Amino acid sequence: MGTAHSSPLAYYTGLTPGMSDVPLDWRSAIVTALYKKGSRTDVSNYRPVSLTCITCKRMESLVRDHLMKFFLSNKLFSNCQYGFISTVLQLLHILDKWTKLLDEGRQVDVIYTNFEKAFDKVSHKRLLSKLRSYGVREDLIEWIKGFLVHRRHQVRVSSQPKKSLNNNDISN
């Protein structure tokens, strides 16, 4: 990572993105339920939210921005891949295509898929392997690995933390 991005955070934390030793506080989260819609008595109307430290969130943002810049500058995103960039751009693009096809009297068939919780299902080993195959620097990959392993989650019901869960594995 460039010093322009890492220097302010390194100044405040003493850490740089290349370091694979991610502080335990950064790997700890309090998981709480956030109400979405519908009946408050139906558990499916809530989604889990992980509350983590602000410094960790800032570092996540710096790493994400760095990876996005790397992927965009190396043209690693397909022209059909909008999820990481802009849903609005994707909608404008597809509406334009559909309008042209309909203006030409052609048929438009659409199949919608829902990739909700897709990231929760990604194998960490496979993710790290893919990042390597795209040429992401090894020190950054090691930091991401350090961020993903040995995580601690505490479930909060009401205002009291109830149960701690540990994720000490990168095998998923």
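The values are calculated or read from the model by the stated rules, or taken from the named source; none is laboratory data. This one's a predicted model, so the numbers in the text were calculated from it and none came from an experiment. Here Cβ is always computed from backbone atoms with ideal geometry, including for glycine, and neighbour counts include all displayed protein chains. SASA here: full protein model, heavy atoms, side chains in, ligands and nucleic acids out. Shrake-Rupley method; radii C 1.70, N 1.55, O 1.52, S 1.80 Å.
List of remarks:
- Just one of the numbered conditions (1) modelled with pLDDT of 85 or more; (2) of a type outside the set (A, V, I, L, M, F, W, C); (3) surrounded by 11 or more Cβ atoms within 10 Å (Cβ to Cβ) is not true of H150: (1).
- Reported count of residues in region 69-112, each being open to solvent by less than 100 Å² (accessible area, probe 1.4 Å) and either at pLDDT below 75 or of a type outside the set (D, E) (or both), is 27.
- Filtered residue count, region 61-81, keeping only those that are touching a residue at least 40 places away in the same chain (Cβ under 8 Å) and within 21 Å of L148 (Cα to Cα): 7
- Residue list for region 18-61, restricted to those being closer than 19 Å to H153 by Cα, small (G, A, S) and either open to solvent by 60 Å² or more (accessible area, probe 1.4 Å) or not in a strand (DSSP E or B) (or both): A33
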